[in-house]
Amino acid sequence: MSEFLLVFALAVGLGWPLGRYLAAVMRGAPMRGDGLFLPLERPLYALIGTKPERGMSWRGYAGAFLLSNLVLAIVVWLMLMSQAWLPLNPNGAPNMSWDLALHTMVSFLTNTNQQHYSGQAQLSYLSHMMGIVTLQVITPMMGLALAVATLRGLFGGRDAQARQADGQDRMPVDVGNYWADVIRPALRFMLPLCLLWSVLLTSQGVPATLAGGPTVAPVDATVEMKEQKIPLGPVSPMVAIKQLGTNGGGWYGPNSAVPLENPTPLSNLLETLALILVPVSVAFMVGPLTGRRRFAALVFGTMLTMSVASAGFAVWSEANSSTSRDIALMEGKEVRFGAEPSALWAALTTQTSNGSVNAMHDSLAPLTGLVAIGDMLINAIWGGIGCGLQQFVVYLLLGVFLAGLMTGRTPELFGRKIEAPEVKLLAVLVLLQPLILLGLTAITLSAPGLTGNSNPGFHAISQVFYEYTSAFANNGSGFEGLGDATVWWNVSCAVVLALGRYPALVIPLAIAAMLARKRQAPESTGSLQIETPTFALTLIAVIVTLTLLQFMPVLVLGPVADHLALAAR
Amino acid sequence: MSIQKGNTITRTPVGSSSAISDKGLLRGAIGLAIVALVGFGLLYPLTGVGLGQALFPDTANGSLIERDGKVLGSSLVAQPFADARYFQPRPSAAGYDPMAMAGSNQARTNPELRKRIDEARAAAAQRDGVDPSVVPGDLITQSGGGIDPHISPQAAATQADRVARARGIGRDAVEALIARHTEARQLGLLGQPRVNVLEINLALDTLYQSTRMEP
C-alpha cells in the first residue's frame, strides 16, 4: 500500500502549490520570476511576431494551433526519414520508412507515444532530442493552452467585463494569446520541473550522456552470446519529460520496465508521481484561474474519486485477488518493483493519457487490463495535460444537458444556455469515439492477415481493441505483442491518433466561444446547481453509463472473458 | 509577413488595452517551431546531460562496472550465465540483447506461456536439485525489459546449494554472500528486496578465484 498512498499524497500535496503557480503563469499578470523569465521570453515573442497581451478569437487560436502543428509535423517527418545522414548518430540508426516515420511523427505530435519501433536501435540521438523531445515538451503545452482558452470562453472570454460594459455582443470573444499560452508555461513551469526530475533520475541511475554505449564481453565465457552492447544516451531528460508531460515515449523499447530507464524503486516512485503530478496541478489550476473555487472542487473531486477507485481496483486485481497467486504473476514485471507498483502504474498511465509502462500490459491480469482500457475510454480521469480538462468539459456539458432534461430545466452552464448548435457539436465528439474504435477493431479482426496477434483467444480481441483505444485516447501504451510495425497498423493508427486529438481539443473551444457570446442570465435558485456533490455523482454516473453503453460488448468479449478463462483454469 | 490569415478587429475596449488580432499565423507557427526545436529539443536535453554529468558522473554514464580499466558490464543490465558456478538471472525474451530488448507479451491465458513456465520450472528444479514447488515465480518468468538485473532473495536461495557444490565451497559461505548482496526495500518501504546477479557473480569470482575450475 505504501506506493499507492505515497503517490496520491505527494501528488495532491505538491499539485496544490504547483496549480496555483500555474494559474498565475497562465493569467499573464505580473508575477514573481518575471525578472528572470521576461528577458528570455521577449526575444521569442519578437521571433514569433506577437505581443503576449494581444488577444485572439477562437478561430485564430485554433488556426494557430493547427498551423504550428503542421509546421512541426513536416520538419519531424523529414528528420526521421533522413536521420542516418544527420549528425549525432553514434549507434548508426538507419533512416525510417515513410509509414513508420509518419506514424511516429503523428504519435508524438498528438502527445501520444505509440511506438511501432524500438528507440535504442531505430532512432539517432538527434531524432530522440530534436524530433521526439521537442514534441514531448511542446504538445502538452499546446493542450494546456487550448484548455485554458476554453475555460476563458466558458466564463465569457478574457474581455468579459469589457464586453458586458459596452454591450458589443457581436465582437469575437478574446480567448487569449496562443503563442504566449504555449511559451509561458513551457519556460516557467514545465522545463524547470523537467530539469529537476532529470537530475533526480540520473542520481538513481538513468544515463545522461552524448557518448555511444560500450560493448562488453559476458563475464561467463561459456554462454552463446559473445558480446553485449549497452545502449546509453541523453536518456534522463527524455524520461523526465515523457513522465511529466503525459507523453510516455521512452528511450528504450520496453519503456520504464528497462532498468536503465527506471533503475530503482525510488526512481519508480518519482516516475509514478510524475505520471499524475502535472495533470493534478492542472485540475488545481482551475480554481485560482477562474476564481470559482466550488467549480474547481467539482473538477478535482470528480477526478480524484474516479482515480482512486480505478487505481485501487487495478492494485487489488493484480496484487490481492485470486489471480495474484498465479505462478505467472511476475511475467512481464521487474523484480525490483513487484506487483503492486506495476498495477498502480498501469492505472495511472492510462488515466492520464501518458502511456509509459513499467511492466508489460499484455501479461497483466485481465482485469487490470480492463481497468487500463476503461481509463483510456473515459480519458478524463486527470487526462492528458489540457486534453483531460477538455474532455471533462465535454462530459460536463453532457451532464448539464442530461440533468437539465431530467429536471425539466433549461440546461445552462454559468448562466449561459446550452442549445441545439452546441449539443450537435457535442454529439459529433461523442459519436466519433465508438465509430472509430469499434469500426476499425471490427475491420482488423475480420482480416486476420492484418492483426499480427501474439496471443490466441479472447486476449487477441483485447489486443486489437486496446491498440485503437490507446491511439484514440492519445495514450500510447499497448498490448505490445501485436505485430504493429506494418503499413496497415502505421497508417490506420496515424489517422486514429489525429482524430483522437484535434476534434477533442478544438470543438470544446468552439463551444465555449459560442457560449461566451450569449447573454449571461444571473444564476438564481432556479438554475441547476452544478457545484455540488450531487451533481458530481450525476456526472460520474453519466461518464460510466456512457462508456458502458458504447463499449460493454467488446469489453465482455475481450478482458472479461479473458478473466473468466483464467479463473477457470 | 506576406501571408496573413484571419480577420482583424480593432476597437476601443473599455477597461482593457488589448485588441484582438488573428494575423501572422504562419510566421508565428514557424517561429514557434524554431523555439521548440532549438530550445526544447536541443538546449533542454543538453542542460540535463550537463547537470547529470556534473553531479552524478557514474550513473550518468550507465552505472558501468570496471575492473583494471576494462568494462565488465553495467549493474543495470543482466548478462546471461550458463555455468553451474554462477547464479542464473531471470529468463530473457530478448536473449539478453539490450538492442532488442522486449518482454514476451504473452497473456496469462496463453497456453504457450503456461508451457514455457512449466518447462522452465522443471529445468530449474533439476538444475538446482530442489522440489519444483519451491522454485519462485520470478526465476522462471521473463521480465518486462528482458534485461532485469535482479532476482528475488528466494530465487538466489534455491540456487545456493548448486553454486556451492560447483565451486567446492560451503553452502554457508554462499548464503552469507547472498545476505550481503540482498538489497532491502528502498527507504524501508519501496519496491521489493532483490539480489543483483552480475554483482554477486563477480563477487563469487573475486572471493573464490583459487577454487575456480576451468571447464
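The values are calculated or read from the model by the stated rules, or taken from the named source; none is laboratory data. The model shown is predicted, which means the values in this text are computed figures rather than measured ones. Positions of Cβ are backbone-derived with ideal geometry, glycine not excepted, and every protein chain shown enters the neighbour counts. We work out accessible area using only protein heavy atoms, side chains counted, and drop any ligands, DNA or RNA first. Shrake-Rupley method; radii C 1.70, N 1.55, O 1.52, S 1.80 Å.
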From the options A:Ala145, A:Ala121, residue that is part of a helix (DSSP H, G or I), within 12 Å of chain B (Cβ to nearest Cβ), in contact (Cβ under 8 Å) with a residue 60 or more places away in the chain and surrounded by fewer than 24 Cβ atoms within 10 Å (Cβ to Cβ): A:Ala121
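Here is a yes/no grid of residues against (1) assigned to a helix (DSSP H, G or I); (2) at pLDDT 90 or above; (3) open to solvent by less than 10 Å² (accessible area, probe 1.4 Å):
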site: A:Gly388; (1), (2), (3): yes, yes, yes
site: A:Leu397; (1), (2), (3): yes, yes, yes
site: A:Leu405; (1), (2), (3): yes, no, no
site: A:Arg409; (1), (2), (3): no, no, no
site: A:Ala427; (1), (2), (3): yes, yes, no
site: A:Leu432; (1), (2), (3): yes, yes, no
site: A:Leu435; (1), (2), (3): yes, yes, no
Selection from segment A:1-20 of residues that are of a type outside the set (A, V, I, L, M), away from chain B (no Cβ under 14 Å) and in contact (Cβ under 8 Å) with a residue 60 or more places away in the chain: A:Phe8, A:Gly15, A:Trp16, A:Gly19, A:Arg20
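For a quick check of your reading: which helices (runs of 4 or more DSSP H) sit entirely within segment A:1-114 and have at least 2 residues that are in contact with a Pro (Cβ under 6 Å, 6 or more places away or on another chain) and farther than 20 Å from A:Gly383 by Cα?
It comes to A:2-27.
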Unique residue being at positive phi, within 7 Å of chain A (Cβ to nearest Cβ) and modelled with pLDDT of 95 or more when the list is B:Tyr86, B:Tyr44, B:Tyr96: B:Tyr96
Hits in segment A:243-273 - residues which are touching a Phe, Trp or Tyr at 6+ places or on another chain (Cβ under 6 Å), facing chain B (nearest Cβ under 8 Å) and polar (S, T, N, Q): A:Asn268
Pick from segment B:100-148, criterion over 30 Å from A:Lys229 (Cα atoms) and of a type in the set (Ser, Thr, Tyr), ranking: surrounded by the fewest Cβ atoms within 10 Å (Cβ to Cβ): B:Ser133
Options B:Tyr86, B:Tyr96, B:Tyr44; residue that is outside the structural domain of B:Arg165 (by TED's automatic domain parsing) and among the aromatic types (Phe, Trp, Tyr): B:Tyr44
Qualifying residue in segment A:173-185 (condition: outside any helix (DSSP H, G or I), over 22 Å from A:Gly253 (Cβ atoms) and open to solvent by 20 Å² or more (accessible area, probe 1.4 Å)): no
Conditions (1) away from chain B (no Cβ under 14 Å); (2) touching a Pro at 6+ places or on another chain (Cβ under 8 Å): number failed by A:Phe337: (1)
Check on A:Leu277, open to solvent by 10 Å² or more (accessible area, probe 1.4 Å) and either hydroxyl-bearing (Ser, Thr, Tyr) or part of a helix (DSSP H, G or I) (or both): no
Any hit, segment A:284-293, residues being under 25 Å from A:Ala471 (Cα atoms) and among the hydroxyl-bearing types (Ser, Thr, Tyr): no
Set B:Asp138, B:Asp83: member being touching an Asp or Glu at 6+ places or on another chain (Cβ under 7 Å) and farther than 26 Å from A:Leu200 by Cβ: B:Asp83
